[in-house]
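Down below is the structure, laid out as structure tokens.
Here, each number is a calculation from the coordinates, and none is a lab measurement. Keep in mind the model is a prediction, meaning the values are calculated, not measured. Neighbour counts are summed over all protein chains in view; Cβ atoms, including those assigned to glycine, are modelled from backbone coordinates with ideal geometry.
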Amino acid sequence: MQGDTSVMIWVAQAGVFIIALVAGLFIAKGSKSTAPSNPGARVKREINDTKNNYKDYRDSVHGEFKDLNDTIKEMNSAYGGLYKHLANGGVKLSLSSAELKKLMTQDSDFIARLPHIKANSK
């Protein structure tokens, strides 16, 4: 009986050893398949990701500047319309055409004096 027990212990130990060996092989094989085969592949992937992120950022900035340009064009157009409206309103509200001519003459005299002012200031 004692001989049978020692054989059973050896068989059990051998079985546990074989099971552990097979489990170890599966774990080792699984870890090799998840590891990159080329160590530079991860670096290349990161470089490509960085390039793509930069391209997306550049396109975003370009879009923002394009929107800003369109908004400034709209603002200039609205300002031009406001200026025309005020100029036409000023002409309509002037008391007489004589006063309008007098104002235009004053502006013309002032404009004519501008070169003298500039020349004397140098």
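Some notes on this structure:
- Between Val91 and Leu68, the FRET efficiency estimated from the beta carbon spacing at R0 = 41 angstrom works out to 0.70.
- Approximating the spin labels as points 7 Å out from Cα along Cα→Cβ, the Ile27-to-Ile47 distance works out to 3.6 nm.
- Projected label distance in nm at Ile18 and Tyr83, using a 7 Å step from Cα toward the beta-carbon: 9.7 nm
- Rough spin-label spacing in nm, given labels placed 7 Å along Cα→Cβ, for Gln106 and Arg58: 5.8 nm
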